[in-house]
Amino acid sequence: MSNEKYYVPHGTYWPIIGSIGISTLFIGFANQMHDVSWGWPVMVLGFAITAFMMFGWLGTVVTESVSGMYNSQVDRSFRWGMSWFIFSEVMFFAAFFGALLYARVLSVPWLGGEYNNIYTPQLWEGFKASWPLLTTPGDVGQNGVAFSTNFKLVNTWGLPALNTGLLLTSGVTLTYAHHALRAGHRDALMAWMLATIALGVVFLGFQITEYGHAYHDGLKLTSGIYGSTFYLLTGFHGFHVTIGVIMLTVILYRIQKGHFNLENHFAFEGVAWYWHFVDVVWLGLFIFVYWI
Amino acid sequence: MSLFVIAILVIIFFFLGSAVIGLLKGGKAGSDKMFKALRVRIILSVFLFIFLLVASQFGWIEPNNFNLLPTQ
């Protein structure tokens, strides 16, 4: 800690580059959704600008940190920032879990006439209020869409359980890495970090395989409220695992560079918490989608 | 049995929350608190997964059978 004066950040161009990158990304995405020909390239350009900004901005922060420019006040700011980010992440996933449970427990039974609501076969002929609801009622009868009636059961102890085991094992290896960092065992720390990253990558590989099977079998994002909530929950979770793997890799690089010591390793702690959170979200998914 | 599973999940979230408090606090005390909380959370998570495995083998709990795929 170089001094305890109030920290005033220097002028930087990264925020405006970030704004340009994110705006370009969303303009491209929105137009791609409307099948505009230049949507994809603009979206990719926006992603590249955003990635460039993150690499540059976070790189600047790391350089400033290791050169001793930050004092205890900056440390508190980082901790508060991470805590608010964590809060937003918890709320983000709470909304999707809430949507899944609301649809399953309340809205679909209501459509079937429970709790004195309207009996929907009067609105949609052939409608059956069952879970999972794989057809959006309003689509039935249009373009040859019919209510799904034939299902096959997914083996809970197949890929879903294997992926749960993989992520939980990565939580164990990360805990050993955390212990090694606190004990000053650098080689063990790097080995456990590598194991954690490898498990995360294998998880993502299996997740892509599972998506391939599900899509091949006809479970799509458009497969009613079940398809929507299933892919939103598991898709955003997979996105978070991808981000987690990238962040763990950056942390491994920084460990190799000797950026952390027994007292000062906030970046490791932040990423470690994030990975534990992603792990718990998956455990929640495994339990609420397959068991309860 | 479902209530037991949910209760363990709630406790896991409690320890995850406790780890955030440690992260926010910082310093040696905060770092210790965070590490211990995360260690308990992973132990409980592995226990819950193994419990589900054993419980389903003994028929104490069964998958909800909601995880269906349409057959074409």
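Each reported figure results from applying straightforward, stated rules to the coordinates on display, with no laboratory input. A quick note: this is a predicted structure, and the numbers were derived from the prediction, not measured. Counting neighbours? That spans all protein chains shown, and the Cβs are built from the backbone with ideal geometry, glycine included.
Summary of computed values
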| quantity | calculated |
| --- | --- |
| The stretch A:39-112 versus the stretch B:15-46: alpha-carbon centroid distance in Å | 21 Å |
| Loop chymotrypsin sites (Phe, Trp or Tyr not before Pro), the stretch A:1-100 (other Cβ atoms within 10 Å of the site Cβ: 12 or fewer; DSSP) | A:Tyr6, A:Tyr13, A:Trp38 |
| Integer Hz, Karplus 6.51/-1.76/1.60 couplings in order for the stretch A:189-197, x for Gly and Pro | 4, 5, 5, 5, 5, 4, 4, 5, 5 |
| Principal axis box of chain B, alpha-carbon based, largest edge first, Å | 56, 31, 17 |
| Full-stretch length increase - A:Trp84, A:Ile22 - with 0.36 nm per residue and alpha-carbon distance subtracted | 20.2 nm |
| Compactness index (Cα Rg / 2.2 N^0.38 Å), the stretch A:1-70 | 1.53 |
| DSSP loop GluC sites (Glu not before Pro) with at most 15 other Cβ within 10 Å excluded, longest remaining stretch of chain A | A:126-262 |
| FRET efficiency, A:Phe52 to A:Leu194 (Cβ-Cβ, R0 25 Å, nearest 0.05) | 0.40 |
| Unit charges at the beta carbon, dipole of chain A: most positive-side option, A:Ala214, A:His178, A:Ala188 | A:Ala188 |
| Set of aspartates and glutamates near A:Lys257 by C-alpha distance (under 18 Å), chain-local residues within fewer than 8 positions excluded | A:Glu64, A:Asp187, A:Glu269 |
| Cβ-Cβ FRET estimate between A:Lys128 and A:Ala183, R0 fixed at 35 Å, reported to 0.05 | 0.05 |
| 5 angstrom amide H check on A:Trp124, placed H, neighbours 5+ away | none |
| Cα-centre dipole for chain A with unit charges at Cβ (Lys and Arg positive, Asp and Glu negative), debye to 20 | 280 debye |
| Rg(Cα)/(2.2 N^0.38 Å) for chain A, N = residue count | 1.23 |
| Gyration tensor (Cα) of the stretch A:31-101, equivalent ellipsoid semi-axes in angstrom | 33, 25, 6 |
